[in-house]
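Notes for the one structure printed next.
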Amino acid sequence: ELYKNLLNDNCGEVARNYLTGREIHNPEGGSLGFASDGNTLLKHIRQYKFSNEDLLASGLFGKSESGRLYDRFRNRVMFPIFDIENNILGFGGRALNNNGPKYLNSPETVIFKKGNNLYGANIAKKSNQDYLILVEGYMDALQLQKNGIINVTATLGTALTEEHAKLLKSMKEKVFLCLDSDEVGQKAAFRAFEKLSDIGISVHIVVLPDSKDPDEYINKYGREDFLKLIENAPEYVSYSIKKLRTVYNIERIGEK
């Protein structure tokens, strides 16, 4: 609630401008917020008389060499990470300056395990579609949700795990991989395919022409064009074989 209030405060103008520039005009829809500079959260939360040990355990604070606590998230757009039952487990923060990594997630805590949770699963489970779309980033998921495509989840800056695969299967038995089109994204797609197909999920691959990620594509070409890509997305094995045929001559037994 504090992060949401800060986003709407005077100090949140830089964050609002960033989101508007990314075509996010309704940050309330994603429960987005803003972590301002300084120890705003620490000052606010002291009134609730939590111990330093509890505050550190939350993952929202760091500890200096002198033993003083400080806000872990500063000057960042804040993305709350919900579990499938709509409980907030942690946060992802997108930097608005060059201090620290571009994206910073809550560390692993007693309630937040990156390998067990997927961003957007709490919304995706409400979809009446018979498939899920798996993307890489918060912004990819938000842009699809904004366009009425709610059956989308994102990994939390980590490779897809067996627990992720089980979570996806608990919702749907068909998954469309819509990852970045660069080499790293393609390798991530192959690893995801292995995990998903091992437990019986039907895997399709969405190829995004002229765009690096779903966020960029849907803003450029719109919802209907994106849904056509989904409709025509090949099964992963067919896609892989077609791609390999451009590299290998399968008329030659060694290359086959």
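Enumerate the helices (runs of 4 or more DSSP H) found wholly within the stretch 145-256, keeping only those where 3 or more residues are open to solvent by 50 Å² or more (accessible area, probe 1.4 Å) and over 22 Å from residue 79 (Cβ atoms).
On the way: elements: 162-171, 183-198, 214-221, 223-231, 236-245.
Because the criterion is at least 3 residues that are open to solvent by 50 Å² or more (accessible area, probe 1.4 Å) and over 22 Å from residue 79 (Cβ atoms), the helices (runs of 4 or more DSSP H) in the stretch 145-256 that meet it are 162-171, 183-198, 223-231, 236-245.
Just give me the residues in the stretch 79-91 being of a type in the set (Val, Ile, Thr) and open to solvent by 40 Å² or more (accessible area, probe 1.4 Å), in sequence order. Explain how you work it out, then say what you get.
Within the stretch 79-91, the first condition is being of a type in the set (Val, Ile, Thr), and the residues that meet it are 81, 84, 88.
Once the filter is applied, which keeps residues that are of a type in the set (Val, Ile, Thr) and open to solvent by 40 Å² or more (accessible area, probe 1.4 Å), the stretch 79-91 yields 84, 88.
Can you confirm whether residue 158 is among the polar types (S, T, N, Q) and at pLDDT below 95?
Details: among the polar types (S, T, N, Q): yes; at pLDDT below 95: yes.
So residue 158 fits the description; yes.
Filter the stretch 92-102 down to the residues that are of a type outside the set (S, T, N, Q) and out of contact with any helix residue (DSSP H, G or I) (no Cβ under 8 Å at 6 or more places or on another chain), then identify the one that is surrounded by the most Cβ atoms within 10 Å (Cβ to Cβ).
To start, the set of residues in the stretch 92-102 that are of a type outside the set (S, T, N, Q) comprises 92-96, 100-102.
Those still in the list that are out of contact with any helix residue (DSSP H, G or I) (no Cβ under 8 Å at 6 or more places or on another chain) too: 93, 95, 100-102.
Numbers: 93: 25, 95: 17, 100: 13, 101: 10, 102: 9.
The selected residue is 93.
Starting from the stretch 162-179, keep only residues that are farther than 14 Å from residue 194 by Cβ, then list their pairs with residues that are open to solvent by 70 Å² or more (accessible area, probe 1.4 Å) and assigned to a helix (DSSP H, G or I) whose Cβ atoms are within a distance under 7 Å, requiring at least 6 positions of separation or different chains.
These pairs meet every condition: 163/116.
Looking at 35, 57 in this structure, which one is over 19 Å from residue 108 (Cα atoms) and in contact (Cβ under 8 Å) with a residue 12 or more places away in the chain?
On the way: 57 fails: over 19 Å from residue 108 (Cα atoms).
Unique residue meeting the criteria: 35.
Go through the stretch 55-77 and report how many residues are under 23 Å from residue 11 (Cβ atoms), among the charged types (D, E, K, R) and touching a helix residue (DSSP H, G or I) at 6+ places or on another chain (Cβ under 7 Å).
Within the stretch 55-77, residues that are under 23 Å from residue 11 (Cβ atoms), among the charged types (D, E, K, R) and touching a helix residue (DSSP H, G or I) at 6+ places or on another chain (Cβ under 7 Å) number 1.
Run residue 123 past the list (1) within 22 Å of residue 175 (Cβ to Cβ); (2) open to solvent by less than 10 Å² (accessible area, probe 1.4 Å) and report the number of the one that doesn't hold.
(2)
With the structure loaded, tell me whether residue 118 is within 14 Å of the chain's Cα centre (by Cα) and closer than 29 Å to residue 198 by Cα or whether it fails that test. Working first, answer last.
On the way: within 14 Å of the chain's Cα centre (by Cα): yes; closer than 29 Å to residue 198 by Cα: yes.
It is true that residue 118 is within 14 Å of the chain's Cα centre (by Cα) and closer than 29 Å to residue 198 by Cα.
Cβ-Cβ below 7 Å, separation at least six or inter-chain, first residue in the stretch 220-237 and under 14 Å from residue 209 (Cα atoms), second modelled with pLDDT of 95 or more and open to solvent by 90 Å² or more (accessible area, probe 1.4 Å): which pairs?
Qualifying pairs under 7 Å: none.
Of the residues that sit in the stretch 1-55 and are over 22 Å from residue 69 (Cα atoms) and β-branched (Val, Ile, Thr), which one is least open to solvent (accessible area, probe 1.4 Å)?
24
The values are calculated or read from the model by the stated rules, or taken from the named source; none is laboratory data. Predicted, not measured: the structure shown is a model, and the values here were computed from it. Neighbour counts are summed over all protein chains in view; Cβ atoms, including those assigned to glycine, are modelled from backbone coordinates with ideal geometry. We work out accessible area using only protein heavy atoms, side chains counted, and drop any ligands, DNA or RNA first. Shrake-Rupley method; radii C 1.70, N 1.55, O 1.52, S 1.80 Å.
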